[in-house]
Every structure is written in structure tokens, then in C-alpha cells.
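**Q** This is the structure, below, for whatever I ask next.
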Amino acid sequence: MATLPNFPTKISKHQKAFWLGISLGIFVLVGFVLSQSVLAQSDGLGLNEFGNETNLGTEVNLIGLIARIINIILGFLGVVAIGLILYAGWIWMTSRGDAQKIAKAKKIMAGGVIGLAIVLSAFAIASFIIRQLLDATGGGNGGNGWGGGLPGNTERGFNVVGVDPKNNKTNVTLCRAVQAVFNYDVEPTSVSATSFSVEKYNNPPVPNDPFAGERSVSGNSVSFTHRTPPNGTFTDFEPNTRYIVTVTTAVENIPPPGQLVKNLEKQKRWSFTTGTEQDDGLPIVEQVSPTGTSGVCRNPAIQAIFDEEMLASRLNHQNIVLTDDDGNIIPLKSVSVGSDFKSFTVYPQALLASDTTFTVTLKTAENTNNPEGITDACVNPLDGDGNGTTNPWPDDNYSWTFTTGDNVNCLPELTSAVPTQGDYGEAITLTGYNLGITGEVSFNNWWADSNSFNGSNNIVSWDPTEIVVRTPVGATTGPWYFQDGHRPITGKVWVQLATEITNKLDFTVTSPYIIRTSPSSGGPGQYVTIIGWNFGDQPGEVFLGSEEVFAPQACAGVWWRDTRIIVEIPPGAASGDFQVITAGSGSNSPNKPSSFEPFTVTTDLPGPGLCSILPDNTLINTSIPVALTGDRLGDGSGSQLIFGTTQANITDWTDTGINATSPALSVADTYAVFAVVNSRTSNALPFLVDDGSGGGGSTIPEVYIYEGCSNGRQSPSPFMDSENACGNAALSARFTIAMDAGTLVIGSGRNIYVQRCNNSGPFNPIACDSDVSFGLINYIYDSQDNVRGFWAFPSSGFDRNYWYQATITTGVTSAANPPVPMANNFVWHFKVASDVCPINNVVIDPSYVTIRELSPSSGSRRNFSAAPTALNCNSVDGSDYTWRWTTASPSDPPPKRIRLLGGIPEPFEQTGVQTPAVTVEAMDWTDNGPAKVNIEAYRENKSDSADVYVSPITCVEFDDCNLCGVGISRCVAGVCEPVLTEVQEDNGAVGNWVTIRGCYFGNAQGRVIYTSEDGSTVDGAWPDPAICGANDVWQNRQIISEVPESAATGDLTIERPTPPGGSPQTPLTFTVNNINRPGLCKVTPDSHYEADLPANITISGNGFGGQRPGDNVNYYWYDDTTGNYVYNTSATNYSRWTDKLVIATTPAVPPSRIGDNRVTINKGVLETNPYNYELIAGGGGGVGESCDLTPETLMCDDDDSCLDGLICSADDGCTCQPESILEEEPRVVTVEPTGGNICRNTI
């Protein structure tokens, strides 16, 4: 084939301009795409994050303006670039083989590739420059913005979790190395003299005199040494001198696979003071693991504990060597240095051979043969033989051996954490398996080590099955009670052995915690906002170093809130750590010390100061008027009020106050609000923008990740990336919040689906093309009967040796109103290794419940399911087993506190069910501890139980206190705090009866407290017990009170009797006037099943008179779409009406009106106070009770006349019976053979 000659082409000015345009278009297009993908996680411009890191004050607005202009330009040029690329493609596609046109198209596309390379390089360079700028400007006088700080993700990020010497340690030896341990491996290139500095401290004004030394990184540790090894020359610290160590946010981690690089979350600064002595003692090994001449697991944690702090950078692969009995070196994973600096842990890279003897060698330091060997923190070499002197190489190396067996399952696992909440310094006991001889206990990614108030180690004791540890200072799990718009958060505790992490158990840190200060430095007179949580609702104390600091005079009365405190830097103050001490009384008492947060005192003049903002919250995309108070705010000329990075509209500005309209912010978050006056920035105040979910921020459902099965079901199951799944396993997952059961649908093309993939080699997603069909989906419930997960079995099981891919799509939503979908599809895969796995255990969900009402109320019921689990924790098919359910009350004799729904006889057996499940109902209060629901795999010795608390106020965790709405009540000391929601009527004369509604009033009668005429308080009176009964006027959600003599208009509240005591945080208001109304105090019964209607109720009260036309018994139904009670219906028949008693017939109502109702009586224009009355869906018949609601017919009614789980049995006289006991007993129907002369091998 002939080819065209290549003629040189002269490029015209127009062509040069054209190519420049292409390059610029591609450059800005990629830049635009990258900027959007990166910045989409912040505020759209990246300014929240930028402002938070740089603390640049008023500069933020200029940056925001420039960024917006750049985005507009990038958007326009991006469109141009796309047009050029499409143009090149069009030329090529329409060339019809024309070589010149093809060449032209190729040149345009080649230019695009070159442009892309330039863009990527430029982006990397720009990212590096910005990171350096962020680090160089961190800390300053900001306080102008933060995102997600309250409460956000409370699992801590990349942090320093152990230091040596300890903070404020004295008499430190002059040769001592300075070291830090991190909770992730450290990127060596990020450690420098500026990011990890050691300075001599002089005062005034600030630390200075950098100290020279060498920095080295090994795994998760950084060491700063100033003495050459071993026994070499010295560059000692000065005697009796204080030194400051600073680790900046420029230090980066080496992220785990699939995660992004993280900078240090918070700058770490600590100090120590030297003494006059050296340390020439030699370190020795105290304890090692594993040991043993047989049976050691093939994946062991290799650990050693030394008698003193070691030089962490020397504990590396060069000096820790594992060899087999042939002398072959076995590769090891990354070495993890203990945060006590006295230990290490490392795992083999792969399973060790079975029945083989291995040797671990720790190599000491020696000038000629191993100058970088193991030493202590003063560079004294390891004394391997422990004789106190150095020996010729290699005699001071330390070695030990162990011999493996066949076991490969020795990863650490936790089974319990007791207690489940605590303050800093309080002990917690962790039990489990394979916990080693040392390691780290992590509280939400904050290691225990010696993060304590006195510098002592938080590890009390450690053995392979039990650890006792104190809660470390600096750990946080978020708010532990509802405060300032933020719902409580439950954190986690776990154990980490190098690269292996146990399952995570619930644990809540109840101590106050400081997140940050705004600003982080300033001079005398500067207002400082201390941001955090758990400070309590009563003012306590605040210290800066050892000096107590106080509220600014302008902020008196508003300076202390649960999540923020305003203080003023006093004259003569020195740099140090802020610490908060809670009050002796209040919501987080008594006298709890907080974590520390450093603050630098400068000579700067104080800026403007803010004290309060009201309101301090709004919904997304909603502007509201706000009022701020403060001092030194000026007259408003040229001043600004900023919410995050967005300027507010000002309506009035004085030296002590600002009135403005907040901007409409589109992202749910906590924003910093600050004033800029004459280019000086104030302290910031937190302002919450809520998405309406009631959680103080986004409540996006996520799949709960848990590989074990000692603390609930595995999730997801089969577990992610596992290659040992069971063929008889269920597909199962739990979620982080309550879910809408209607969206949990499974099958091909639905919200949850599974595909079968390849059956050889590693997982291949391209091969996933065969949809798996499933049976019915079932639900996992939490303690409040919310749907928190699902399980479903494939119709034909999972096929052995095949990979499967499961997907939970964003069609799955939460149960919130409006519902919130998952942010992204959740996709995982697993491989099936066996056809059938036998059960190894059984797990009940939920592990406990709280029930607030007694049968027959619908609120008296809770659902339980039991998951048969295999050894790998997969939930497996239980249909081959017999399951027995029983209940047990906390004390004898009867009555029983709980029973299986409808009184089903116990033990209740279930056979042929894949996952056994029952419903339990409460019959009486459990005053002496919880009742039990028990499940047993009959004759398999596998069982589990769940606690049932039948109490109006008992709680275990925060979600147990949601009767009045999410986060309205708090779980404190095991009981929910009482809440008042309304009083009806909220006005009336002395002697009137009123209904007080709310939740968690308890069963025992307490006090109703009114405002008295003299401005003090007076106890409410009670309706006549002869009419109303002595025990019916005080119920858990309703109190009937009589307005007492001397009552006056003012606050109305209640007080529970002691114990447990307690009053609502917010009172109601009652107005005393001359309106006398009839009163209602009792309705019997106060509930009916739908199938029982029409039915009579008896109403007791006073002032009903005789019935006149227009006098009625009215029913009001709760409409949850409006949150109001609306008229439902009136009684249809009145068999009796007297001044104190009315008997009326409740008519049948539409199914949509079933639920929470109220009953009143109207007398002309006056209406009584209301009384709670519940209409329950379905029938009401229990076991043995009649289900024949229409006896005039010849047939029994249908099963709806019975409780769920029962059927209406004609064979038992139209009574409700369990379906299982209606089945015929097995009997012999026929036998063969019979007669004589039968074949000898026939039966």
C-alpha cells in the first residue's frame, strides 16, 4: 500500500492560538472536574475546610470571591474543551479514510493527552503547595469555620496516641530520646524539623531554641535522638530545663488499602523537664509470646515486653527476625510499637507451616556488626542474656522458639465490655479470646496507653482472655445525652494487636471533651470559645494551665452551655492547656475533668468578643432572624458577620449587639459564626443547621460492619471478601439507624439483589451475570421494635465454590420522616466453601428490650428472632433443628411478668423454620430486674437469652428514651428523664381537673407543682379517689391533677418520687382564671381491639350533669402527618349518664383511625380535659379466649379475632389456639408386610 509523504507544515499564528486554546480548555476542564470531585465533600468551594485549617479571618471572603470567579471561568472553558474534543472525534468519524483528516484528528487528541498530563502534574504541585500553606498557617487567630465538629464522626482520625517522655514528666534523663507513637503507620517523608520539633522553653514570650537531633520513622513511631549509638558521643539535654515538643498537622499517615492519606487530625504539643542524671542501664526482655513446644497457632501475634522504654525506631524488620527450623527468614508484616514504648507486636505475612519450630531473634546494637540494633531510649544496647553487661556479638541477641500446630483461627476477639460507659480514669474490663500479652485498647481510635491525668499507664492488667484498662483522657464518643440540638452518640471500644483489630463493642465516654478553641491563641482580654460536649448545663470551672479563668462580664448568664463555654484571657496568663471541670450538680455531674486543649498566650490586643447567638439553629435552606450579644463590636462600619464562609445580612449593629438574618445554608452541619471588625476576627459561636431528621445533622443509613457474632449477628453476612461462606447461609445485614421495612425488598431488579459470579480463581465482577432468587425477607428488630436489619435465604441455597456479589442499593431508606436514602450502593462479595455448615451457636436479636406498657396495649409487645450461626458466624438455615422458646420472670412467685404472645404454652417448639422468631408481651412490671426470653436448639446444647425490662422509665441506652421523640429525653443513671409535652386545658379555675401529658412519669405517684400566688410553688391537689381511684391519676404518659388553692399563673412541672426522682428540664405554663370546666379522670377500659368494636366504655369524673342535646363523648385521633389530635367520632349509644359516671358505646371506626386516641365529654360549649384511649388493630383473643364475635352465625369468625400468631379454632369451640398444637399427632396409618410367606428382606 502506498503511503503519503510527510511534508513539513508551517504553523500559523491562528493555529498556534488554536492549539493553545485546546490545551487551556483541557487543562481547565480536568481542573474543574478534579476540583468539583474533591470539593464536593466540603462546601462546594472548599472554603469551610480551608478556613478551618488556615484560620485566616477576613481573608476567607476574598478567597471565596476568587474561588467563585474561577469556578465560573472553569465552567465556561470546560464547555469549550468538551466541544473541541467532540470536534476531533467528528473529524475522524467523517474522514472516510482521508489520511489528512485522520492525522488532524489525531493531533487534536494528542494535544488533549499532553494537556491532561500537564493538568495532573499541575494538580499534584498545587496540592503540595496548598498542604504546605495549610500547615504553615495552622493555629493562628481564627475560629472562623469548622465542619461536622458537633458531633460529626466521633471515631478519632490520625493522631498521636502515646509520647515519651510523658507530658509534664520531671527528672527526665539527659540522654533520653523523644518519641511519639501514632494510631497509623507514619509517612517518613512528612517528618521534618518543622513538623516534629523539640525546643527549649523560655518565658516570656514563647518556646524557642530548637534542639538539634536526628528523626527516624519505623512503622507507627517517630523517634528523635541526640546521642550516637552505642556508648558514643553525647549531645545531652541541658540539666533542669523544660523542653517543648510539637508535632504539627503536616505529618501524614500511610493509609490502609482503599483509604486516603490523612494528615494529623490535631496538632500535638507536650513538655517535659530534665533532671541532672544519665541512664547507662541496659534494657532486658521481660516477657515474650508465643511460646510452647506444640500447638501454637499458625498466625500468631509475635510479641515482646521490655523492662523500660525502648528506642521505637529500632524495633523494625532488621532487628526482629523470624526463621524456620531450616534457617529460612519468614517475612513479617509491619511492626507496631506499643504506646508504652516497652513492647512491640508483629504478625507473619502468611500462615506459618504446621508442626514446625520457629525462632524469633531480637538483635541488639553493636558498633561493628549491627550499629542500628535494638536499644533503649538512651541508646543503651539490649542485654539479651540479662547479665547486666555488654557481651561480644551476637551473645546479647535475644531468641526464643515456638512450635506450630494445625490451628489457623487465632485472631483476637472480644466478648464483653463491662461497664459500657465511664469517665476518664474509670476502669473497664474487656473479656475475649487471643488477646495476647500486650497491645492497644482503643476507645474510638484513641489508644489508652498513658493518656491519664497523672501520667500513669492506663493498662491495669493484660492476659490473653481479660484486659482491665482505664478510660483514657482525650477519648471521646460524642455527646452522651441530648444537648444543644445534638442527639447522643454511642462509641466503640476494641483491642488492636498490630495489624489485627477485634470486633468493636459499645462504650460511651461520659467525661466532658474539648474539641477546639476559637481562637487558638490570643492576648489578655481575648474572648475564647471552648467548643466540645458534655460540659453540663450548670456552670463549673475552667482552667488555663493551673490558673482559673472566668467568663467575660458582658457574657454573664450566657457563658456556659453544654457544647460551648466563653472565657476571657486574664492579664498575666501563660500558655498552657485549657481544661473544664463540670459543676457539682447538673446534667453531667459531679466535678468531672475534661480533656486538654492547648492555647498560646500572645501579646496581641484582644479582638471583638461574642457571647451568644439566638436562635442558634435552623433548618437547611432556611434563613432566620438572629440576635448576637458581645463586646467591642464597634458601630458596624465596614464590619461583617460570617456563617462559615457566607456573609449574613445585617439589620442592626451596635458595640454590644448585632441583629441579622442568617444565610440559607444547604448543608446540614455546625457552622462557625464570627464577627469581623476593623480586620480583626472575634471568637466564633456554633450555629447548627439541621436537616430535620432530629439528630443534629445528617442521619444517612449505613450498613453496620461486624465480622464476629458474639455481640449480635454478623453484618453483612456472609462477610465481605470472605472465602469460607456457607451454602446454607442467609443473606443478612444490619443498619446503623432504624429503616423503612417497605424498602427492604430482595430479588432481581429490587433494592437488594445478589448475583452468582465465577467458580474458579479470584473474584471476577465481570462474571456476575446470574441473579439469585430468594424466599421471604425477614426483619431484625432493635430494643424499641424498630427495623434495624434483614435476613433472607436463597430459594435453592448458595452453590459451593462460587463467588457471589451482593448489592444494597440507594433505594433502601431510613424510617425517618421524610425518609433518608443510603448515600451509595453497598456492594460486597463472598465465596462459598461448603454446602452445609452446622450450627455453632445461636444469637437472639435484639439482645434486650424495654417495654413501657402492659397487655393488651400494642406497646406491650416486642419481636425477637434467633439466628443460628456457623463457626464462621454466618447466619445459617435452622430448619433441621428443633427450637424451644421459654420466658422467665425476675422473681417468683407468679404472676409472670412476660409471656409469649397470647399466652402460648411454654416451652413453645418450632420445627422446620429457617430462623425461629416469636413475639413477647408484657403482663406486669419487672421491678426486681429484667425478665428473660430464652431460645434453645433442643438437644444441641446451643442457647441464648435476651433481657426484657418492663418498666415505664428504665433505660440501657439513649434510644430507649424516644417515647416523646428522638433525643427529647435523656438516659441518665439507668432511667429516662421525664418530659412534659402539654397540659389540657392549659387554663382554668382553682379546682379544675387538668391532663398533663408527656413521658417517663413512672408508675408511682409524685408531685405536680404549680406556681403560687406569692411567687413560690404549691403542690397540686388530686381528684377524688372515690371517683377516680387512687392509682389511675398518675400514669407513665398522663397525669390527672386538680388545680390547688393559691395557684397562680406561671410554670407547671412535675417531680417523680425518689428513687429515682427527677423533674423535666422544661416546665409548662398554666393560666389561672375563672373558667370552671367539667373534669374527667378515668376511662375503663382505656383500650379496645378493632375487632371488639362497638364496645362500651365507662367514664368517671365530675360535673357531667344530666345529658342534654349536644352533650357527647368525643374521640380525637392522632394524625401523625400533622402532629395534632383531630376529631374522629362520637359515641353512638349512652346506657347511663350521671353527674359522675357515663357509660357510652365506642363505635367501629375506619382502620386509618386506629391507634392513639383521646376521649373527652363536651357539655355545651365546655369540654372536659382529655383522657388517653387506644384502639388496637386486629382481634384481641388470647389462647383459649373466644374468637366468635358474631355468635348469631353458625360459623366461627376468621383469625383476625385472635392475637397475632393464633388461629380461631372451630374444633375448640371457637377459641383462639396456637396453630402448632392444632396439628394432628403422628399415628400409624398402615403397615406392610402382613400375613405369612413374606420375603426375608422386606419391611
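**Q** Take the Cα atoms of segment 1114-1157, find their three principal axes, and give me the spread along each one in whole Å, biggest first.
**A** Extents along the principal axes, in whole Å: 37, 20, 12.
**Q** Another question about this same structure. Looking at segment 969-1074, send over the antiparallel percent of its DSSP beta bridges, to the nearest 5.
**A** Approximately 95 percent, going by the DSSP bridge assignments.
**Q** Also, I was wondering about something else. Figure the gain on full extension for E940 and S760 (residue separation times 0.36 nm, minus the Cα-Cα span) and round it to one decimal in nm.
**A** Net length gain for the segment: 61.3 nm.
**Q** Suppose we keep just the DSSP beta bridges with both residues in segment 513-690; what percent of those would be antiparallel, to 5?
**A** So the antiparallel bridges in segment 513-690 amount to around 90 percent.
**Q** Counting other C-beta atoms within 10 Å, which of S1041, S717 has the fewest, and how do the rest follow?
**A** Least crowded to most crowded, the residues run S1041, S717.
**Q** Now for a separate question. In terms of Cα to Cα distance under 18 Å, which lysines are near enough to K268, apart from those fewer than 8 places away along the same chain?
**A** By straight Cα distance, K268 reaches K166, K169, K200.
**Q** What FRET efficiency comes out for S294 versus E214 if R0 is 56 angstrom and r is the Cβ-Cβ distance? Round to the nearest 0.05.
**A** Efficiency at R0 = 56 Å is approximately 0.80.
**Q** Of T1049, S1012, A1026, which is farthest on the positive side of the dipole of segment 969-1074, counting Cα position, with +1 on Lys and Arg Cβ, -1 on Asp and Glu Cβ, and the Cα centre as origin?
**A** After comparing all options, I get A1026.
**Q** Tell me, what is the percent relative contact order of segment 873-990, built from C-alpha pairs under 8 Å that lie six or more residues apart?
**A** Result for segment 873-990 is 21 percent.
**Q** Before anything else, pin down the relative contact order of segment 728-856: Cα pairs under 8 Å, at least 6 apart, normalised by residue count, whole percent.
**A** Relative contact order for segment 728-856 comes out at 28 percent.
**Q** Packing-wise, with mean Cβ within 10 Å as the measure, how do 976-983, 1095-1102 rank, highest first?
**A** Descending mean neighbour count gives 976-983, 1095-1102.
**Q** Sequence neighbours fewer than 8 away in the same chain don't count; with that in mind, list the lysines whose C-alpha is under 27 Å from K104.
**A** K10, K13, K16
**Q** Given Cβ point charges of +1 (Lys, Arg) and -1 (Asp, Glu) and nothing else, what value in debye, to the nearest 20, does the dipole of segment 513-690 about its Cα centre take?
**A** It works out to roughly 180 debye.
**Q** Here's a follow-up. About the Cα centre, and with charges only on the beta carbon of Lys, Arg (+1) and Asp, Glu (-1), how big is the dipole of segment 670-820? Nearest 20 debye, please.
**A** That gives segment 670-820 a dipole magnitude of about 100 debye.
**Q** If you keep only loop residues by DSSP, which GluC sites (Glu not before Pro) in segment 1022-1064 have at most 12 other Cβ atoms within 10 Å of their Cβ?
**A** E1045
**Q** Work out how much length D395 to Y1134 would gain on full extension: take 0.36 nm times their residue separation and subtract the Cα-Cα distance, in nm to one decimal. Write down the numbers at each step before the final one.
**A** Details: separation 739, 0.36 × 739 = 266.04 nm, distance 10.30 nm.
Additional length available on full extension: 255.7 nm.
Values quoted throughout were computed directly from the atomic coordinates according to the rules given, and no laboratory measurement underlies them. In this text, all values refer to a predicted model and were calculated from it rather than measured experimentally. Backbone-built Cβ (ideal geometry, glycine too); neighbour counts: all protein chains shown.
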